[in-house]
Amino acid sequence: MNEQTIYRVLGSDEWAKAVALGEYQGAPHDIADGFIHFSTGETLAATLALHYAGRDHLKLLHVPVAPIEAYIKWEPARGGTLFPHLYAKLKVADVFRVDDVNLDENGVHILPEDLR
C-alpha cells in the first residue's frame, strides 16, 4: 500500500521541540510501541476524534511517503484498517506542510479545507 501523503497529529509544543531537534522522536506511546503512528486522509478525522478529543492548538504534519517509504510498514489497527507506522525518527526536513488544527464551537477539530 502506498498513499502519497500520510499525516501525524501532535501538540504545538511537541512540534516546536521537534523543529529545535531537527527530528520528531514520537510521543510516549509511539516510543513504547517502537514506531511513530500516522494516519491516512481517510482515517484522520477518526484519529482526531478518538485520540485527541477536546485537545486544541494541535499541529497536522503532512509527510510524503516516498522519502521515508523504506521505514514505513502498513499494519492493521482499528478493526483491520491498515495504518502507516514509521519505524524511524521523523526528520523535520521530511515534513512538507504543517497546518494548525483547532476546535470549532462544538469541540470538533477543524481540518484544512483540502482534507474535509
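Only residues that are closer than 24 Å to Ile110 by Cα, at pLDDT 95 or above and not aliphatic (A, V, I, L, M) were counted in region 57-74, giving 3. How many residues does region 76-116 hold that are assigned to a loop (DSSP other than H, G, I, E, B), out of contact with any Gly (no Cβ under 9 Å at 6 or more places or on another chain) and of a type in the set (D, E, K, R)? Residues meeting the conditions: 4.
Kindly establish whether His29 is loosely packed, with under 14 Cβ neighbours inside 10 Å, touching a residue at least 12 places away in the same chain (Cβ under 8 Å) and of a type outside the set (Lys, Arg). Even if it seems obvious, please write down each step before you answer.
Values: loosely packed, with under 14 Cβ neighbours inside 10 Å: yes; touching a residue at least 12 places away in the same chain (Cβ under 8 Å): no; of a type outside the set (Lys, Arg): yes.
No, not satisfied.
Among the criteria (1) of a type in the set (A, V, I, L, M, F, W, C); (2) more than 12 Å from Ile6 (Cα to Cα); (3) buried (at least 16 other Cβ atoms within 10 Å of the Cβ), the one Phe38 does not fulfil is (2). Determine whether region 6-17 contains at least one residue that is within 21 Å of Arg116 (Cα to Cα) and in a helix (DSSP H, G or I). No, there is no match, as no residue in region 6-17 is within 21 Å of Arg116 (Cα to Cα) and in a helix (DSSP H, G or I). Across region 1-26, the qualifying residues are those that are among the aliphatic types (A, V, I, L, M) and closer than 17 Å to Asp100 by Cβ, and the one among them that is surrounded by the fewest Cβ atoms within 10 Å (Cβ to Cβ) is Ala16.
Among residues of region 71-87 that are surrounded by 12 or more Cβ atoms within 10 Å (Cβ to Cβ), those with a Cβ under 8 angstrom from a residue that is small (Gly, Ala, Ser), sequence gap 6+ or separate chain, pair up as Tyr71/Ala88; Phe83/Ser39; Phe83/Ala77; Pro84/Ser39; Tyr87/Gly34.
The values are calculated or read from the model by the stated rules, or taken from the named source; none is laboratory data. Everything numeric in this text was worked out from a predicted model, so none of it was measured. With ideal geometry, Cβ positions are generated from the backbone for all residues, glycine too; neighbour counts draw on all protein chains shown.
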